[in-house]
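Quick note: the coordinates plus some simple rules give every number you see, no bench work behind them. Every value quoted in this text rests on a predicted model; they were computed, and no experiment measured them. Virtual Cβ from ideal backbone geometry, glycine too; neighbours counted across all protein chains shown.
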Ligand SMILES: *[C@@H]1O[C@H](CO)[C@@H](O)[C@H](O)[C@H]1NC(C)=O
């Protein structure tokens, strides 16, 4: 809201400044017609101010997301959801673009229970780039009979259904999710082997990752897993005493709840948002499957530079199975990644076996320069 007010103020100033200039212009024209010598010149500082105001406005207008992303999505056959999630969101303007949703979200009775659709609304707004959301004074709903036996072990045999509010999902249990697709990350017996095996050159097992870091005299203590699903990377790293935060959204399933049930920190943060950690504080950032060619290149560039911001000097960026078209990888993505100026510790590509459109995978481990 503060930004919107700021923008309005800028626009107002721009309007006033433009009008003053027109007045100057008009009065000088009138005066010239009357053949008055030496019309008063427009002061330089006013011109400079106007120029910078115009530049700011055109910058803001360019960053403004297009009004209707779904039409663009159908034209290029990109799933509209994916496009939606990866849109570049300039500071809070997205809230203004969705006043209906925001109004519904803020329509509640203070000091009582929050409305039933609260978290769906929140997720919808966040995915549309409206984040952070305004605070509210209502009580969020909790499951009726939660289990008290919460485990420290992130590789439990099963997650407790009782600790999740299921009303907003098609599935009403973790077993249902596992049956619908064992690869979603809810089948913890499947998850138990992830990041530990080496099937081909695209894999980077965690013991090998730790070995590489150790050999380079680089300690891994803190990490960030972008688009980390149910937190399995964080789970495995926890076994090595490395603390990893997982950004994850609840797209059709309770990913945040599952991550938390495993004793790991879920960050409810979409791909297009500035990472909620300070500059230079983490040792490792992993970008999983969620980061791929569906993301518009400009958005990806912002994302990579934000990753650079949070990594400490000497820290690692791990692009894990990044997929794109082969030609794009060569012409677009490799140069984009190259802009970071990181050392290529590992760079492996391979064609995606079941791909109809010539997709390739890239797994890269890159090390940020120790200082710059
Ligand atoms: C993790 O930390 C615990 C407690 O300090 C220690 O006992 C354990 O050996 C550590 N595990 C690894 C893999 O370093």
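Counting other C-beta atoms within 10 Å, which of 294, 347, 318 has the fewest, and how do the rest follow?
Working: 294 18, 347 14, 318 21.
Lowest count first: 347, 294, 318.
Which semi-axis lengths, in whole Å and largest first, follow from the square roots of five times the eigenvalues of the Cα gyration tensor of the range 164-367?
Numbers: eigenvalues 134, 84, 60 Å².
So the three semi-axes of the range 164-367 are 26, 20, 17 Å.
Pull out a ≥ b ≥ c, the square roots of the eigenvalues of the alpha-carbon gyration tensor of the range 237-316, then state rounded if a/c is under 1.5, prolate if not and a/b is larger than b/c, and oblate in the remaining case. Let's see the in-between values first.
Details: a/c = 2.04, a/b = 1.12, b/c = 1.83.
Oblate.
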**Report entry** Ranking of 343, 214 by count of other Cβ atoms within 10 Å, fewest first
**Finding:** 214, 343
Report task. Among DSSP beta bridges whose residues both lie in the range 164-367, state the antiparallel percentage, nearest 5. Result -> 50 percent
Report task. Could you check the simple spin-label distance between residue 208 and residue 239, using points 7 Å along Cα→Cβ, in nm with one decimal? Result -> 1.7 nm
Query raised in the report: Gap in Å between the Cα centre of the range 126-150 and the Cα centre of the range 308-343?
Result: 34 Å
